[in-house]
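Enquirer: Here you go, one structure.
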Amino acid sequence: MEKKSIIRQDEILEFTSLSYYDPSKIQRYYTFKENQEECTWEEVITFVNLGLDQDFYKNINLVQDPDTLTVLVNKYNQLPKEYVPRDLEIIHPDFNAGEFVLCKEAREAFEEMSRVAREDGILLKAISTYRSYQYQEEVYLRKKTPDMSMEEYRKERDRVSARPGHSEHQTGYAVDINDLEETFAETAAGIWLATNAYHFGFILRYPKGKEHITGYAYEPWHFRYIGKKHADKMQALGITYDEYYIRYLLNSNPV
Ligand SMILES: [Zn+2]
């Protein structure tokens with residue numbers, strides 16, 4: 001087949017100079033660019049490195065560093081079945097709708113954020129946090145009826161629920177806050193979080209209009225703790241965590 005477009009020399013220089021450019025993926029970059037001409041080279045390299053040139057849940061990596069604060073868990077990166085975070089702690093009852101737990105650092109940051117929000121008249125409560133692999137399996141399969149084939153079921157379910165091992169909730173760094181409805185975005189709490197969460201190290205993990213990158217429909221209630229430094233930087237860049245991870249975290253030494 002004839003190539004649709006010729007890649008100019010200056011373009012080649014532009015993308016090969018990116019720190020996350022991987023020469024072993026060159027053919028995949030070209031193919032992706034041919035099919036998605038509107039993407040910049042920066043996006044092409046990022047998306048292919050994420051694995052987005054293949055379907056979700058294809059070429060799955062088993063996460064090697066599950067205890068790292070900045071661990072990436074998505075539809076291409078799976079946590080080990082037996083993985084349980086080491087320092088789960090129960091959230092203060094004032095900000096907890098049940099017996100929910102987060103990793104120590106995230107638990108402290110969540111409480112700090114919730115106290116500041118309360119001063120602004122906003123009540124934040126954790127309604128889902130750490131989930132084990134086994135519990136996620138149950139959550140994922142919850143809506144399955146016997147007449148549905150697994151393939152049919154996955155097609156719809158994958159948009160809103162993670163397959164076991166692929167849920168960020170298993171890291172102990174993710175928290176669902178107050179309400180699992182898209183309308184949460186327009187509530188005072190939803191607006192407050194979208195505006196302020198990054199000051200406390202939390203980021204909106206599944207933003208609107210980014211399903212092609214994150215693999216999930218908009219979830220204005222789901223926040224991920226990554227620490228203030230990275231949350232600040234991500235907020236300024238306005239990109240998803242998946243993209244941020246490829247560009248700034250993978251292959252660079254944690255600071
Ligand atoms: Zn969630």
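The values are calculated or read from the model by the stated rules, or taken from the named source; none is laboratory data. Not measured: the values here are computed from a predicted model. Here the Cβ is made from the backbone with ideal geometry for all residues, glycine too, and neighbour counts use every protein chain on show. In case anyone asks, the SASA skips ligands and DNA or RNA and just uses the protein heavy atoms, side chains included. Shrake-Rupley method; radii C 1.70, N 1.55, O 1.52, S 1.80 Å.
Enquirer: Given Cβ point charges of +1 (Lys, Arg) and -1 (Asp, Glu) and nothing else, what value in debye, to the nearest 20, does the dipole of the range 1-129 about its Cα centre take?
Expert: 440
Enquirer: Sticking with this structure for a sec: Using a ≥ b ≥ c from the Cα gyration tensor of the range 202-250 (square roots of the eigenvalues), is it rounded, prolate or oblate, where a/c under 1.5 gives rounded and otherwise the larger of a/b and b/c decides, a/b for prolate?
Expert: oblate
Enquirer: Now, a different point. For the range 174-252, what is the charge dipole size about the Cα centre, in debye to the nearest 20, if Lys and Arg each add +1 at the Cβ and Asp and Glu each add -1 at the Cβ?
Expert: 500
Enquirer: Something else now. Taking all protein chains in place and a 1.4 Å probe, what share, in percent, of the accessible surface of the range 56-249 do carbon and sulfur account for?
Expert: Result for the range 56-249: 51 percent of the exposed heavy-atom area is carbon or sulfur.
Enquirer: With every protein chain kept in place and ligands, DNA and RNA left out, what is the accessible area per residue of the range 1-114? Probe 1.4 Å, answer in Å².
Expert: That works out to 56 Å² per residue.
Enquirer: Show the residues, 5+ positions off or on another chain, whose built amide H is closer than 5 Å to the amide H of residue 77.
Expert: 61
Enquirer: Restricting to Cα pairs below 8 Å that are 6+ residues apart, what does the relative contact order work out to for the chain? Please round to a whole percent.
Expert: Once normalised by length, the contact order is 17 percent.
Enquirer: I need the shape label for the range 1-53. Rule: rounded when a/c is under 1.5, else prolate if a/b > b/c, else oblate, with a, b, c from the alpha carbon gyration tensor.
Expert: Oblate, since a/c reaches 1.5 and b/c is not below a/b.
Enquirer: Post the alpha-carbon centroid distance, the range 188-212 to the range 140-165, in whole angstrom.
Expert: 26
Enquirer: Hey, what's the range 115-156 come to in accessible area per residue, 1.4 Å probe, Å²?
Expert: 70
Enquirer: Please report, in debye to the nearest 20, how large the charge dipole of the chain is about its Cα centre when each Lys and Arg carries +1 at its beta carbon and each Asp and Glu carries -1 there.
Expert: 360
Enquirer: Roughly how many nanometres apart are two label points built 7 Å out from the Cα toward the Cβ at residue 14 and residue 152?
Expert: Reported label-point gap for residue 14 and residue 152 is 4.6 nm.
Enquirer: Of the chain, which part is the longest with no GluC sites (Glu not before Pro) in a loop (DSSP not H, G, I, E, B) and with at most 13 other C-beta atoms within 10 angstrom?
Expert: 100-180
Enquirer: If you don't mind, another one. Give me the lysines in straight-line cross-link reach of residue 233: C-alpha distance below 30 Å, same-chain residues under 8 apart excluded.
Expert: Within reach: 25, 33, 58, 75, 104, 125, 208, 210.
Enquirer: Still on this structure, please answer the following. Over the range 13-85, what relative contact order in percent results from Cα pairs under 8 Å that are six or more residues apart?
Expert: 24
Enquirer: For residue 58 and residue 42, calculate 0.36 nm times their separation in residues minus their Cα-Cα distance, and state this gained length in nm to one decimal.
Expert: 3.5 nm
Enquirer: Moving on. Would you work out which of 217, 62, 201 lies farthest towards the positive end of the dipole of the range 56-249, given +1 charges on the beta-carbon of Lys and Arg and -1 on that of Asp and Glu, about the Cα centre?
Expert: Value computed over the given set: 62.
Enquirer: Can you tell me how the range 56-249 classifies by the Cα gyration tensor, rounded, prolate or oblate, using a/c under 1.5 as the rounded cut?
Expert: It comes out rounded by the Cα gyration axes.
Enquirer: Test of understanding: given the chain, find the longest segment containing no trypsin sites (Lys or Arg not before Pro) that are in a DSSP loop and have at most 15 other Cβ atoms within 10 Å. Present the calculation step by step, with values, prior to reporting the outcome.
Expert: Working: sites that count: 3, 4, 8, 58, 81, 86, 142, 143, 144, 208.
No qualifying site falls inside 145-207, the longest such stretch.
Enquirer: Picking from 150, 113, 234, which is most flexible by a Gaussian network model of the chain using Cα springs under 10 Å?
Expert: In the Gaussian network model the winner is 150.
Enquirer: If you don't mind, another one. Only helical DSSP H runs with n ≥ 4 go in: add -39500 (n - 2.57) per run for the chain, normalise by residue count and round the 222 nm mean residue ellipticity to 500 deg cm²/dmol. Walk me through the intermediate numbers first.
Expert: On the way: 10 runs with 91 residues, N = 255.
Computed ellipticity for the chain at 222 nm equals -10000 deg cm²/dmol.
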